1. Taking the condition of being over 19 Å from residue 191 (Cβ atoms), in contact with a helix residue (DSSP H, G or I) (Cβ under 9 Å, 6 or more places away or on another chain) and either loosely packed, with under 14 Cβ neighbours inside 10 Å or at pLDDT 55 or above (or both), how many residues in region 92-114 meet it?
2. Is at least one residue of region 143-150 part of a loop (DSSP other than H, G, I, E, B), at pLDDT 85 or above and under 19 Å from residue 199 (Cβ atoms)?
3. Might you let me know whether region 156-163 holds any residue that is in a helix (DSSP H, G or I), surrounded by 14 or more Cβ atoms within 10 Å (Cβ to Cβ) and touching a helix residue (DSSP H, G or I) at 6+ places or on another chain (Cβ under 7 Å)?
4. Could you please find all residues in region 115-132 being modelled with pLDDT of 55 or more, surrounded by fewer than 20 Cβ atoms within 10 Å (Cβ to Cβ) and not in a loop (DSSP other than H, G, I, E, B)?
5. Yes or no: residue 168 surrounded by 18 or more Cβ atoms within 10 Å (Cβ to Cβ), assigned to a helix (DSSP H, G or I) and under 25 Å from the mean Cα position of the chain (by Cα)?
6. Would region 186-205 turn up any residue that is more than 17 Å from residue 84 (Cα to Cα), touching a residue at least 24 places away in the same chain (Cβ under 8 Å) and surrounded by 16 or more Cβ atoms within 10 Å (Cβ to Cβ)?
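The values are calculated or read from the model by the stated rules, or taken from the named source; none is laboratory data. Predicted, not measured: the structure shown is a model, and the values here were computed from it. Positions of Cβ are backbone-derived with ideal geometry, glycine not excepted, and every protein chain shown enters the neighbour counts.
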């Protein structure tokens, strides 16, 4: 009985395969017969379509494609945006280090923190240049809508973000790090969004104001 059922199912499978192949062949044949024509006038196109009993296919495009721009905006590379954001922090640290010669002298002796973004500041000696670089970094972030969209996206998914497991030092410190000075990347993004985009500040707030905002929000 088992062999009989298996034998009866073979013709059924062959029939299914036959109709599938036939359908594909017919579809390819129909597509091959379709010829598109370009018309300068919509009325002329309608007249010819009515005369030949054919459908009208309208293709439109624009050099200023809003949907394309939105897609490009949302297709943000996390690493490249975080590079810009960490560059801002680097410029902030450099400016802070330039205000304290002792910090600069000790920078080469400091030990790096295992899980904290911190760079050597032995070259940050000119306060005017350091502050100018810091201002330029802030202006670059405020003028880049992609960064704001990136920040919003990360803050909306802050619980699942890997950025919750990475840390920065808000102020540049070497040996005695204040507990509140160490914060996650997500917290730093919250401060940037609030101060630079919501309040339109020209620089980042003090550590005390930043910590107070994180507690209240």
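1. 4
2. Kept after step one, since they are part of a loop (DSSP other than H, G, I, E, B), are these residues of region 143-150: 143-144.
Going one step further and asking which of them are at pLDDT 85 or above, we end up with 143-144.
From what is left, the residues that are under 19 Å from residue 199 (Cβ atoms) are 143-144.
Checked region 143-150: at least one residue is part of a loop (DSSP other than H, G, I, E, B), at pLDDT 85 or above and under 19 Å from residue 199 (Cβ atoms).
3. Taking region 156-163 first, the residues in a helix (DSSP H, G or I) are 156, 158-160, 162-163.
Pick out the ones that are also surrounded by 14 or more Cβ atoms within 10 Å (Cβ to Cβ) and you get 158, 163.
Filter once more, so that each one left must be touching a helix residue (DSSP H, G or I) at 6+ places or on another chain (Cβ under 7 Å): 158, 163.
Yes, region 156-163 has at least one match.
4. 127, 128, 129, 131, 132
5. Working: surrounded by 18 or more Cβ atoms within 10 Å (Cβ to Cβ): yes; assigned to a helix (DSSP H, G or I): no; under 25 Å from the mean Cα position of the chain (by Cα): yes.
No.
6. There is no residue in region 186-205 that is more than 17 Å from residue 84 (Cα to Cα), touching a residue at least 24 places away in the same chain (Cβ under 8 Å) and surrounded by 16 or more Cβ atoms within 10 Å (Cβ to Cβ).
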